[in-house]
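Student: Quick one: the structure is below, questions incoming.
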Amino acid sequence: MDILQLVIVGMVVGSIIGLGAMGLTLTFGVLKFANFAHADLMTLGMYLAFFVIVDVGIVGGHVGPFSFGWGMIPAVLFAWGGVAAFTVGVDRFVFRPLRRRETDFLSIGIASLGVAIALQAVVQAIWGSAPLRYHSEIHRALTFAGGLKIKPDQILIIGLTLAMAVALYLLLHRTRLGTAMRATSDNAPLAEASGIDTERVRIATWVIASAMTAVAGVMFALQSQLRFDAGFEFLLLPMFAAVILGGIGNPWGALVGGLIVGISQELSTEWINTGFKPGVPFLLLILILIVRPRGLFGSETQWST
Amino acid sequence: MLPVDAFTSLAGEAPALLPPLITFGGSVNWTVGFLTTAAIFAIAALALNVQWGYTGTINFGVVAFFGVGAYTSALLTLDAPGEFESYVGGLELAIPIGWVGGMVAGGVLALLVGLPTLRLRDDFLAIATIGIATILRSIANAQEGLVNRARGLNGIPRPLEGFANDMGVDYDLVLLVLTSGVLLMVFLVVRGATASPWGRVLRAIRENEATAQSVGKMTTSYRIQSFVLGGALMGLAGAIFAHRIGTIAPDSFDNLTTFLVWTMVIVGGSGNNRGVMLGALVVGFVWFGLPLIQEELPDFLGTRVFMLRRIAIGLLIIAFVLTRPQGLLGEEPRVSRFAPRGDGGGGLWPTGLWSRIRGQPGGGAA
Amino acid sequence: MDALLDVHGLVKRFGGNYAVDGATFGVERGSITGMIGPNGAGKTTCFNCIAGSLVPDGGRVVYDGEDITGLPSYRVFRRGLTRTFQIPQELSAMTVLENLMVVPAEQAGERVVDSWLRPWRVAAQERSIAERAHEVLAEVDLTHEAQNYAGNLSGGQRKLLELARALMSEPGMILLDEPSAGVNPTLTRRLVEHIQGLRERFGITFFVIAHDMDFMQRLCERLIVMADGQVLVEGEPREVLENTEVQAAYLGSVTA
């Protein structure tokens with residue numbers, strides 16, 4: 001039963017990594033650079049929600065068995081808006097000028113590292129270094145047959161991740177914007193030549209990715225705590241491992257990759273020292289790079305599912 | 001877990017290495033301490049310059065190589081573990097052997113990380129290096145009997161301490177001279193390697209790997225060579241740091257060190273060895289100097305000076321990539337010091353020298 | 001006929017599509033041979049398979065009597081078969097001179113230990129490499145650009161630099177991918193003279209892909225026409241261009 005419990009925790013952690021990785025793979029696919037600030041955008045999202053719930057004080061009692069109140073809804077929307085505004089702004093003043101100049105994608109990645117360092121320090125300067133929580137009450141787990149324990153929040157995390165994955169699928173495959181995004185990802189000059197305003201597509205990509213980024217950040221804080229240094233320490237490598245496992249630019253692949261990373265990370269503690277846990281996504285990453293560098297579901301053309 | 005003083009980190013949040021500027025004597029002490037720190041950073045920056053500046057390989061795990069070098073040198077030179085300590089090694093070897101060991105360890109780690117990733121896309125290595133420092137740190141913290149876990153290693157011998165006592169010279173000054181001497185040697189080694197046909201192949205790989213391959217260069221081999229050389233020199237920088245500070249713990253090696261070295265290379269000038277040393281001095285001065293004016297700042301900023309300087313380096317990186325990607329000193333058009341220059345000089349010696357002494361514009365930075 | 005390059009039954013697939021589907025042809029030693037065909041006929045894929053940039057899915061490539069099928073590009077290069085790229089692949093942030101100096105194989109200074117311990121040997125070798133680079137630059141009229149960044153050259157000059165890089169290796173055979181694309185007519189005429197002159201003086205065999213019929217007719221003594229991944233016809237330029245099948249293939253591609 002222990003193993004099953006670990007698998008369930010792994011699915012929760014994997015959902016968070018997977019949702020974050022979906023946002024990351026979307027920008028990686030459309031904008032063609034590795035955004036090293038992505039994990040810190042999640043941090044920004046979790047703290048913006050904290051601002052609404054705690055600093056402003058919109059709590060909204062309790063929703064059913066969950067640890068939070070109705071205030072979570074405006075908080076998440078605010079976090080999405082904030083992260084979207086931030087990324088669109090950074091794109092306008094940092095990434096777009098570099099793109100125009102046809103700077104190599106590695107230098108754009110370095111610029112994103114600068115964004116990550118500064119953003120993390122700003123969050124720390126505003127909200128301090130101590131770990132925080134949205135709510136202080138004890139959050140009771142539900143006990144199922146065989147002594148399995150799951151918290152209602154965790155069920156919601158898995159469910160919401162799946163719902164957002166379906167929504168992203170519909171958006172990419174059933175809307176004009178989604179078609180334009182896939183076209184831009186495949187071949188931006190060709191997309192532009194066929195009348196797609198690729199700059200607007202890029203802005204839309206930031207906004208859509210921000211939804212997943214912000215929600216994943218809030219989920220991380222619910223599952224663990226709000227930590228200003230979560231980005232480079234805990235989140236970035238697992239998310240990139242998920243992105244590459246799933247094939248760059250492939251959102252479903254990123255989700256499956258996230259689940260693989262999360263579950264193997266938690267399961268590993270059954271056999272090895274917990275302190276080695278951060279090494280698991282790294283080993284998965286190295287393994288996939290040796291065996292199949294284009295990812296489990298990656299093909300020569302991106303986005304094909 | 002025992003608390004570890006933050007100032008044992010090179011990029012540490014509390015600059016205990018750097019006593020406050022109270023008196024004139026204080027400012028001399030501060031300057032000596034600062035220059036020693038800057039010299040250690042300059043070695044790491046030269047190392048990163050081989051990897052990124054010349055070859056275009058991204059390494060976000062600088063501090064991991066640095067830490068591996070520090071621990072290896074410490075374990076080789078320390079006494080055997082005492083009653084409440086548990087670590088491997090403690091071989092009581094001479095300090096220079098420890099430093100060489102630190103270099104070897106850095107090089108081996110580079111080989112292990114580089115072999116599976118360097119034949120792939122450029123950004124894959126960058127991604128793979130993100131986690132190394134975190135992983136090594138958590139292993140060091142978790143594994144009993146390896147490196148004394150979070151309690152850290154204490155009493156790492158300090159180089160030339162007996163010599164300084166015998167001569168009656170200020171030890172900090174001796175250390176500065178020693179560190180500067182090592183920096184000079186590293187500079188000559190790096191320049192010897194990079195301002196040569198070897199460095200030319202590296203720059204060719206950075207500019208266009210397919211072209212380098214099409215003219216018969218085994219590019220993966222060169223990328224690994226450059227990554228290993230860089231890793232070894234980062235290990236050396238870490239080893240010097242360990243013996244200077246005397247005490248190291250896993251948390252001494254935080255990602256700030258990595259970010260700082262990157263800022264130095266970007267600001268100083270990727271691909272220019274003198275540039276990145278200048279970058280170490282300039283960025284180091286901003287980084288370690290800012291806390292000195294803490295009292296002068298308005299309260300809101302003063303209490304947040306450590307965050308302020310991180311915001312500053314983040315913005316510095318962005319500003320330079322955007323407005324001056326070549327850095328303060330851009331790289332020279334000519335790679336190999338043996339190749340003819342624009343002014344028609346011969347090819348044998350570092351030919352720019354005479355024209356520079358005579359004040360003529362050579363084929364200088366673009 | 002003494003074939004320097006012999007390609008037999010070459011196959012290359014991308015996904016389910018056959019880019020090259022059993023192409024068989026030869027290039028005679030000392031000749032200037034051209035390959036033409038409509039877009040998507042598989043010309044560049046052929047080149048990539050010969051030069052080792054792609055690994056063919058079937059068939060054989062024999063160069064100078066030795067099987068080089070599937071060898072990586074750096075090993076193909078070392079056998080004296082070198083190529084240029086359709087879009088010039090200059091090393092932008094390096095001088096034109098060093099773009100060429102990087103080419104020669106087995107340079108002493110390419111081993112990091114030698115540049116530390118035996119600088120005099122490296123220096124001597126560098127002098128002779130630089131001399132050779134200057135000769136090659138003179139050959140393609142780029143002497144005055146020697147110390148300029150390659151990234152600052154004009155489009156036509158970049159084409160010449162591609163050619164110079166190929167010459168630098170003292171090759172037996174050069175594959176030229178679209179040397180005339182995007183080059184003005186004056187330079188195109190000079191390009192024809194350059195290439196023919198190089199063949200005369202150094203005995204280099206050229207194998208050329210280009211779209212510009214006029215250019216190919218003046219340059220080549222033999223043309224191979226590709227269509228749908230196979231060789232359609234082969235022969236002297238005049239007879240090939242008068243062939244009705246060839247005209248049909250081209251007209252077909254124009255109306256498509």
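Student: Could you work out the helix-only [θ] at 222 nm for chain C, with each DSSP H run of four or more residues adding -39,500 (n - 2.57) and the total divided by the number of residues, to the nearest 500 deg cm²/dmol?
Tutor: -12000 deg cm²/dmol
Student: What ³J(HN,Hα) values, in whole Hz, does the Karplus curve 6.51 cos²θ - 1.76 cosθ + 1.60 give for region A:40-46 when θ = phi - 60°, with x put for Gly and Pro?
Tutor: 6, 5, 4, 4, 4, x, 5
Student: About the Cα centre of chain B, how large is the charge dipole given +1 on each Lys and Arg Cβ and -1 on each Asp and Glu Cβ? Please answer in debye to the nearest 20.
Tutor: 1580
Student: Sticking with this structure for a sec: Work from the charge dipole of the protein assembly as shown (Cβ charges, +1 for Lys and Arg, -1 for Asp and Glu, about the Cα centre) and give the residue of C:V7, B:Y54, A:L41 farthest towards its positive end.
Tutor: About the Cα centre, the residue reaching furthest to the positive side is A:L41.
Student: Okay, next question. With only alpha-carbon atoms counted, please give the Rg and Dmax of region C:93-152, in Å.
Tutor: Answer for region C:93-152, Rg first and Dmax second: 12.5, 37 Å.
Student: Taking K and R as +1 and D and E as -1, what net charge do the other residues with C-beta under 12 Å from the C-beta of B:R119 add up to?
Tutor: Charge balance in the 12 Å sphere: 0.
Student: For C:G172, what is the net charge nearby, where nearby means another residue's Cβ is under 11 Å from its Cβ and Lys, Arg count +1, Asp, Glu -1?
Tutor: Local net charge: 0.
Student: With chain C treated as a Gaussian network of Cα nodes joined by springs under 10 Å, which of C:E110, C:E193, C:E239 yields the largest mean-square fluctuation?
Tutor: Answer for the Gaussian network model of chain C: C:E110.
Student: Output wanted: per-residue J couplings in Hz (rounded whole) for region B:171-185, from phi through Karplus 6.51 cos²θ - 1.76 cosθ + 1.60, θ = phi - 60°, x for Gly and Pro.
Tutor: 4, 4, 5, 4, 4, 5, 4, 4, 4, 5, x, 5, 4, 4, 5
Student: For region B:280-294, what does the Karplus curve 6.51 cos²θ - 1.76 cosθ + 1.60, with θ = phi - 60°, yield as ³J(HN,Hα) per residue in whole Hz, taken in order and with x for Gly and Pro?
Tutor: Whole-Hz 3J(HN,Hα) from phi for region B:280-294: 4, 5, 5, 5, x, 5, 4, 5, 8, x, 4, x, 5, 9, 3.
Student: Cα centroids of region C:146-196 and region A:64-140: how far apart, whole angstrom?
Tutor: What the calculation gives is 50 Å, centre to centre.
Student: Let me know the charge dipole size of region A:200-305 about its Cα centre in debye, to the nearest 20, where only the beta-carbon of Lys, Arg (+1) and Asp, Glu (-1) is charged.
Tutor: 320
Student: If you scale each eigenvalue of the Cα gyration tensor by 5 and take the root, what three semi-axes come out for region A:2-291, rounded to whole angstrom and sorted largest first?
Tutor: For region A:2-291, the ellipsoid semi-axes come out as 30, 22, 19 Å.
Student: Per-residue ellipticity at 222 nm for chain B, helices alone: DSSP H runs ≥ 4 residues times -39500 (n - 2.57), over residue total, nearest 500 deg cm²/dmol?
Tutor: Using -39500 (n - 2.57) per qualifying helix, the result is -19500 deg cm²/dmol.
Student: In what order, largest first, do A:M22, C:M213 sit by accessible area if the probe radius is 1.4 Å?
Tutor: From most accessible down to least: C:M213, A:M22.
Student: Say the dipole of region A:2-291 comes from +1 at the beta carbon of Lys and Arg and -1 at that of Asp and Glu; which of A:G69, A:A191, A:A121 then lies farthest toward its positive end?
Tutor: Result: A:A191, furthest along the dipole toward the positive end.
Student: Next up: Given axes a ≥ b ≥ c from the Cα gyration tensor, I'd like to know whether region C:147-256 is rounded (a/c under 1.5), prolate (a/b larger than b/c) or oblate.
Tutor: Prolate.
Student: Most fluctuating residue of B:A239, B:A42, B:A312 in a GNM of chain B with Cα springs under 10 Å: which is it?
Tutor: Of the options given, B:A312 has the highest mean-square fluctuation.
Student: Partner chain Cβ atoms within 10 Å, averaged over the residues of C:121-129 - can you pull that number for me?
Tutor: Mean number of neighbouring Cβ atoms from other chains: 5.
Student: Give the shape of region A:63-218 as rounded, prolate or oblate, defined through the alpha-carbon gyration tensor: a ≥ b ≥ c are the square roots of its eigenvalues, a/c under 1.5 means rounded, and otherwise the shape is prolate if a/b is larger than b/c and oblate if not.
Tutor: The shape class here is oblate.
Student: Please list the equivalent ellipsoid semi-axes of region B:257-308, computed as the square roots of five times the alpha-carbon gyration tensor eigenvalues, in descending order and whole angstrom.
Tutor: Semi-axes from the Cα gyration tensor: 27, 10, 7 Å.
Student: Could you pull out every residue, at least 5 positions away or on a different chain, whose amide H is within less than 5 Å of the one on C:A227? Hs are placed 1.01 Å off N in the peptide plane, and Pro or chain starts have none.
Tutor: C:L232
Student: Okay, next question. How long are the semi-axes of the ellipsoid equivalent to the protein assembly as shown, from square roots of 5 times the Cα gyration tensor eigenvalues, in whole Å, largest first?
Tutor: 51, 38, 24
Student: Report, in debye and to the nearest 20, how large the dipole of chain C comes out about its Cα centre when Lys and Arg carry +1 and Asp and Glu carry -1 on their Cβ.
Tutor: Once rounded to the nearest 20, the dipole reads 580 debye.
Student: Considering only B:T31, C:T205, B:F187, whose Cα is most displaced toward the positive end of the charge dipole of the protein assembly as shown, charges sitting on Cβ of Lys, Arg (+1) and Asp, Glu (-1)?
Tutor: Positive-most Cα among the choices belongs to B:T31.
Student: Over the Cα atoms of chain C, what Rg and Dmax result, in angstrom?
Tutor: 19.1, 66
Student: Classify region A:15-107: rounded, prolate or oblate, from the alpha-carbon gyration tensor (a ≥ b ≥ c, eigenvalue square roots; a/c under 1.5 rounded; otherwise prolate if a/b is larger than b/c)?
Tutor: Prolate, since a/c reaches 1.5 and a/b exceeds b/c.
Student: Where is the GNM fluctuation largest for chain A (alpha-carbon springs, 10 angstrom cutoff): A:R227, A:R99, A:R182?
Tutor: With Cα springs under 10 Å in chain A, the top fluctuation among A:R227, A:R99, A:R182 is at A:R99.
Student: Something else: Under 5 Å between amide hydrogens, which residues at least 5 positions from C:G22 or on another chain qualify, with H placed 1.01 Å from N in the peptide plane?
Tutor: C:L10, C:V11, C:K12
Student: In addition: Just reorder A:H135, A:H62 by solvent-accessible area, largest first, 1.4 Å probe, all chains present.
Tutor: Most to least solvent-accessible, the answer reads A:H62, A:H135.
Student: Under a 5 Å amide H to amide H cut-off, with H placed in plane at 1.01 Å, what residues pair with C:M35 once short-range neighbours are removed?
Tutor: Sorted by chain and number, the residues that satisfy this are C:V208, C:I209, C:A210, C:I224.
The values are calculated or read from the model by the stated rules, or taken from the named source; none is laboratory data. Since the model is a prediction, treat every value here as computed from it, not as a measurement. With ideal geometry, Cβ positions are generated from the backbone for all residues, glycine too; neighbour counts draw on all protein chains shown. Side chains are part of the model used for accessible areas, which takes the heavy atoms of the whole protein and leaves out ligands, DNA and RNA. Shrake-Rupley method; radii C 1.70, N 1.55, O 1.52, S 1.80 Å.
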